Amino acid sequence: ETARDLLKRGAKVYIACRSLEKANQAKQELVAETGYPDIHVRQLDLSSLKSVREFAAKFLAEEPRLNILINNAGVMACPKALTEDGFEQQLGVNHLGHFLLTNLLLDRLKSCAPSRIVNLSSLAHRYGTINRQDLNSERSYNQVTAYCQSKLANVLFTGELARRLEGTSVTAYAVHPGTVNTELPRHM
């Protein structure tokens with residue numbers, strides 16, 4: 001929905017997705033629905049910090065402007081797994097991947113200010129705690145607890161980022177998307 005609205009407003013939209021097949025399908029649907037073709041598909045796997053770095057480097061090399069960064073990808077309540085970098089999957093994908101991506105693109109956002117960063121959070125952050133003694137959920141793993149921790153990390157990061165960006169004309173927001181029909185809760 002967000003990409004559709006941005007296209008209708010004349011924005012150049014990049015969709016970064018783990019699956020290029022799904023991203024290209026979404027692109028075709030968006031172009032057909034909106035009539036606006038200025039949409040670009042790039043591969044990005046947030047469970048791989050290498051992939052995040054590669055995506056950011058390519059984006060910065062080809063695109064001189066970035067006015068809005070929407071960190072929207074995520075996983076929810078999935079079985080215990082680690083990212084290729086050894087992080088608990090939900091923390092790695094939902095928070096650390098976005099954290100790195102945002103920081104790699106931050107100078108471009110500043111140079112194009114006014115600009116904004118939107119991090120999709122969840123009301124689940126209210127039930128989360130940051131377990132500093134077991135951040136990676138190695139001692140005990142609960143799918144929902146790990147998800148809530150990752151969403152709390154999003155909210156805390158966004159709050160601190162907003163504070164650090166005061167006076168730069170770059171704003172940062174954490175937003176709860178509401179109930180949306182997606183594949184996100186497929187593991188529940």
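The values are calculated or read from the model by the stated rules, or taken from the named source; none is laboratory data. Note that the coordinates shown come from a computational prediction; the quantities given were computed from them, not determined experimentally. Cβ placement follows ideal geometry from the backbone for every residue including glycine, while neighbour counts extend to all protein chains displayed.
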Worksheet item: Taking the range 1-58 only, how many residues are in a helix (DSSP H, G or I), of a type in the set (Gly, Ala, Ser) and out of contact with any Cys (no Cβ under 8 Å at 6 or more places or on another chain)?
Response: 5
Discussion item. Residue under question is Gly35, and the condition is that it be free of Cβ contacts under 8 Å to residues at least 12 places away in the same chain and of a type outside the set (D, E, K, R); does it hold?
Written reply: yes
Discussion item. Every residue in the range 101-142 that is in a helix (DSSP H, G or I), within 20 Å of the chain's Cα centre (by Cα) and either among the hydroxyl-bearing types (Ser, Thr, Tyr) or buried (at least 16 other Cβ atoms within 10 Å of the Cβ) (or both), please.
Written reply: Leu101, Thr102, Leu104, Leu105, Leu106, Arg108, Leu109, Ala124, His125
Item to complete: Might you let me know whether the range 63-74 holds any residue that is closer than 17 Å to Ala146 by Cα, at pLDDT below 95, surrounded by 18 or more Cβ atoms within 10 Å (Cβ to Cβ) and in contact with a Pro (Cβ under 7 Å, 6 or more places away or on another chain)?
Response: no
Worksheet item: Inside the range 78-100, can you point out the residues that are hydrophobic (A, V, I, L, M, F, W, C) and more than 23 Å from Thr2 (Cβ to Cβ)?
Response: Cys78, Ala81, Leu82, Phe87, Leu91
Worksheet item: Of the residues Leu60, Leu30, Leu91, which single one is closer than 18 Å to Thr158 by Cβ, of a type outside the set (Phe, Trp, Tyr) and surrounded by 13 or more Cβ atoms within 10 Å (Cβ to Cβ)?
Response: Leu91
Worksheet, complete the sentence: Subset of the range 78-129, residues of a type in the set (Ser, Thr, Tyr) and at pLDDT below 95, comes to Ser121, Ser122, Tyr127, Thr129
Fill in: Residue, nearest to Glu1 (Cα to Cα), within the range 105-146, restricted to residues that are of a type in the set (Val, Ile, Thr) and touching a strand residue (DSSP E or B) at 6+ places or on another chain (Cβ under 9 Å)
Val118
Worksheet entry | Residue list for the range 75-94, filter: in contact with a Pro (Cβ under 9 Å, 6 or more places away or on another chain) and more than 29 Å from Leu109 (Cα to Cα) | Ala77
